[in-house]
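These notes concern the structure reproduced below.
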């Protein structure tokens, strides 16, 4: 069952110990704005999927991050989110992975459900319950085709 969160309020998400970000809800409008943004549309067709994912994640984060805690500059001073700071934060591999997992993948899981994809045997949908009824019996074998000679 798909559970709707009608509050549509920004939420805090933990990305690493001591680092959390307050993000806008992952809505259709936010995804469409990101997909049609100039930084995403400028990506050439021969760009690898990995680079494409990073460009998209950074563009999405620039639109979604409202605040953060536990992020500072090289001198240890607390800094506020800015496009350059958000990009630098996502350049840290564990942060990028956490952002993808706790924020982006939720939207992708809904996309899988929409496309009637089966749950994965491991990963975020491990332990998902099958909802299809079992077959009542064996199906009959198809008859061999009659051919004329």
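The values are calculated or read from the model by the stated rules, or taken from the named source; none is laboratory data. Quantities reported herein were computed from a predicted structural model and do not represent experimental measurements. Methodologically, a virtual Cβ is constructed for each residue, glycine included, from the backbone with ideal geometry; neighbour enumeration extends over all protein chains shown.
Yes or no, residue by residue, for (1) surrounded by fewer than 17 Cβ atoms within 10 Å (Cβ to Cβ); (2) touching a strand residue (DSSP E or B) at 6+ places or on another chain (Cβ under 6 Å); (3) under 14 Å from residue 21 (Cα atoms):
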| residue | (1), (2), (3) |
| --- | --- |
| 53 | yes, no, no |
| 56 | no, no, no |
| 64 | no, yes, yes |
| 80 | yes, no, yes |
| 84 | yes, no, no |
| 90 | no, no, yes |
| 102 | yes, yes, yes |
| 106 | yes, no, no |
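Of the residues making up segment 55-91, those that are out of contact with any helix residue (DSSP H, G or I) (no Cβ under 7 Å at 6 or more places or on another chain) and closer than 22 Å to residue 34 by Cα are 66, 67, 68, 80, 81, 82, 84, 85, 88, 91. The set of residues in segment 29-42 being exposed (fewer than 13 other Cβ atoms within 10 Å of the Cβ), in contact with a helix residue (DSSP H, G or I) (Cβ under 9 Å, 6 or more places away or on another chain) and part of a loop (DSSP other than H, G, I, E, B) consists of 42 alone. Taking the listed residues 29, 61, the one that is within 19 Å of the chain's Cα centre (by Cα) and either over 17 Å from residue 104 (Cα atoms) or modelled with pLDDT of 95 or more (or both) is 61, with no other qualifying. Selection over segment 32-58 of residues that are over 14 Å from the mean Cα position of the chain (by Cα) and touching a residue at least 12 places away in the same chain (Cβ under 8 Å) gives a count of 5.
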